[in-house]
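For reference, the structure is listed below as structure tokens.
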Amino acid sequence: MRGYEFLKEKGYDEDYCNICLTHSYLNNDIICTAGGVPDLNANPFLTDFIKNHEYSIEEKIINLCDLMCPQDTKVFSIDKRLIDIMIRRGAYSNTQYHIKETYKLKEYFDKLLGYNLYNLFPEIKDNL
């Protein structure tokens, strides 16, 4: 929310502001996130936005990039990144759901590309 509000105050285009809201939530579902189930009543604006916003292709790419890149400059396979997230944040009641939807998102891009998106990132094999 802070990133969204900051960019709005600076006058950035709504598309850029929205990425601050959507980058951690898959499938228009505020429950489909890493790090536990958020309190749905804590931020009604965010909950409603995620539920009703149509994700752009750019937002889906940002979702996937967020799920492949840890804090440094490496690119991880989905497997390794999900393990990294669970080690740092733990496993929660929504973790299995988030994992399944993460793989669906990768498959979505594999189908769009017509090949395994990992082919775009040969350095992934160096980070296994």
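The values are calculated or read from the model by the stated rules, or taken from the named source; none is laboratory data. From a predicted model like this one, the values you see are computed outputs, not experimental measurements. Glycine also receives a Cβ, built like all others from the backbone with ideal geometry; neighbour counts cover every protein chain displayed. The accessibility values were calculated without ligands, DNA or RNA, using every heavy atom of the protein model including side chains. Shrake-Rupley method; radii C 1.70, N 1.55, O 1.52, S 1.80 Å.
Does Ile31 fit the bill of being part of a helix (DSSP H, G or I) and among the hydrophobic types (A, V, I, L, M, F, W, C)? When the stated conditions are applied, Ile31 does not pass them.
A single member of Ile57, Ile87, Ile61, Ile50 is open to solvent by 90 Å² or more (accessible area, probe 1.4 Å) and either at pLDDT below 95 or at negative phi (or both), and it is Ile87. Consider the range 22-47 and keep the residues that are among the hydrophobic types (A, V, I, L, M, F, W, C) and closer than 26 Å to Ile87 by Cβ. The one that is surrounded by the most Cβ atoms within 10 Å (Cβ to Cβ) is Leu26. The number of residues in the range 90-128 that are under 20 Å from Leu40 (Cβ atoms), open to solvent by less than 30 Å² (accessible area, probe 1.4 Å) and either part of a helix (DSSP H, G or I) or among the aliphatic types (A, V, I, L, M) (or both) comes to 3. With respect to Thr73, is the statement that it is touching a residue at least 60 places away in the same chain (Cβ under 8 Å), among the hydroxyl-bearing types (Ser, Thr, Tyr) and either more than 22 Å from Ala91 (Cα to Cα) or not in a helix (DSSP H, G or I) (or both) true? No, not satisfied. Selection of the range 1-21 for residues being surrounded by 14 or more Cβ atoms within 10 Å (Cβ to Cβ) and either of a type in the set (Asp, Glu) or in contact (Cβ under 8 Å) with a residue 40 or more places away in the chain (or both) yields Asn18, Ile19.
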